[in-house]
Amino acid sequence: MKTMMMAFMVLAITGCTTTFDVPYTLGDPKNASNYGYHPLDPLPIDLSSETTKPLDVLPDETIRLAVGTVSGDGGISFGPAKIGVEGKNYVVVLDYIKFGTDSLPVMLTARDANGNRTASIAATSSEANAIVPVYIGVGLRLTANIYINKGNVDLGSLFALGVAAKAEKVSGTLVIQTLGVSGPEISSLIPMPSEISESTIQNAILSLASIKAKMYDPKTLISPRVVGVYNTLGGGEATINGFISSILEKPIKFPK
């Protein structure tokens, strides 16, 4: 049986150091889906006390659709798959984020006898020999957790998911989140979908558009968070968990 490359966390008495194995080559097709953008539930940052207008330090905006395949152990691998097949679980995430990009410094060890390398979060950027991009900002997120009941389903379109739900080809739930955006007028705009359907998806997208329009409203509270990471190391869900553990233990100072 081939040895699987897994990640593990080592907790020291003085703090938390996260380590994880990375593949022999970044071009390994077997692990290709483990690389790239991974949306994260919002994680705290250390916002500079000099920042009086957080939106001013978030220069970039994007809308991104990410499709993840759920494995038997509950892990999620985001990759290029756009067609869902019968009997599989998937996560489809639509993100709008206004963000700035920071970095997570990583120290990669020399390869061992089996050709594997171990990565750990470096204490400072000067000690790192690899950098993982981290997206810090605010935004809106629509997540569909689905199971394919029958046939194949187009996962690249939320409206196609609604049509498939109407035909009883898929079942699942919708989750609507604001990422670092809150306030009394925001809370009232968040819908409470009970199922996946054409109408709930349409209502959710309209609600997110209304919330986006209020982002610059003086009454809206803006609190930047870590909202995503671009995995350049591979290693799948375990690597992402390592990033999360490190960020929780020592929030990134932003802007630097």
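Taken together, the values in this text are just the output of simple stated rules run on the coordinates, not laboratory data. All values derive from a computational prediction rather than experimental measurement. Cβ placement follows ideal geometry from the backbone for every residue including glycine, while neighbour counts extend to all protein chains displayed.
What you get for the range 7-254, charging only the Cβ of Lys and Arg (+1) and of Asp and Glu (-1), is a dipole of about 280 debye around the Cα centre. Rounded to whole numbers, the Karplus 3J(HN,Hα) couplings from phi for the range 125-136 are 5, 5, 8, 7, 10, 8, 10, 10, x, 10, 9, 10 Hz, using 6.51 cos²θ - 1.76 cosθ + 1.60 with θ = phi - 60°, and x at Gly and Pro. Within the shell defined by Cβ-Cβ distances under 13 Å, the residues around Tyr90 carry a net charge of +1, with Lys and Arg each +1 and Asp and Glu each -1. A cut-off under 10 angstrom between Cβ atoms defines the neighbours of Val163, and their net charge, with Lys, Arg +1 and Asp, Glu -1, is 0. Of the residues Thr200, Thr173, Thr124, the one that moves most in a GNM of the chain with alpha-carbon contacts below 10 Å is Thr124. For the range 77-218, the number of Lys pairs with C-alpha atoms closer than 29 Å, counting only pairs eight or more positions apart or on separate chains, is 13. Across the range 7-254, the mean sequence separation of Cα contacts (distance under 8 Å, 6 or more residues apart), normalised by length, yields a relative contact order of 29 percent.
Other residues with beta-carbon under 14 Å from the beta-carbon of Val175 carry, at +1 per Lys or Arg and -1 per Asp or Glu, a net charge of -2.
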